[in-house]
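No lab work stands behind these numbers, since they all come straight from the coordinates. If you're wondering where the values come from, they're calculated on a predicted model, not measured in any experiment. All Cβ positions, glycine included, derive from the backbone under ideal geometry; neighbour counts span all protein chains shown.
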Amino acid sequence: MPPDSTLELTIPAALAARVQAVAADEHRPAAEIVCEALEHYLQERRDHAAPPSTQPARPSPAEALARMQARRANTPLPEGMTIRDMIDYGRR
């Protein structure tokens, strides 16, 4: 929409009466009051928008598997011990 174009809106009669009352009190056009209110609303909305996520993206399953395998390669079992020995050791 071009910046100087107009947009027609329909608002409830009660709200229109309140806008007209404020416009009369402030000696300003009702359209100016409505534009100011919308600008304020949009600014508040921008100010309170959720910030972008700071958490890194989750790795794909293939990347996770590769990381687990790399970690496993760096933690060898003690000499002469098997995984079964480790499992049984935890049960004692």
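What to note about this one:
- Seen against the Cα atoms of the chain and their longest principal axis, helix 13-26 is set at about 70 degrees.
- Degrees between helix 30-47 axis and first principal axis of the chain (Cα, 0 to 90, nearest 10): 10
- The residue among Val34, Thr54, Gln20 whose Cα reaches farthest toward the positive pole of the charge dipole of the chain, with charges on the beta-carbon of Lys, Arg, Asp and Glu, is Thr54.
- Three-way shape call for segment 32-85 based on the alpha-carbon gyration tensor, with the a/c threshold at 1.5: prolate
- Overall form of the chain: prolate. Here a/c, set by the Cα gyration tensor axes a ≥ b ≥ c, is 1.5 or more, and a/b is the larger of a/b and b/c.
- Net dipole in debye of the chain [+1 Lys, Arg Cβ; -1 Asp, Glu Cβ; about Cα centre; nearest 20]: 1100
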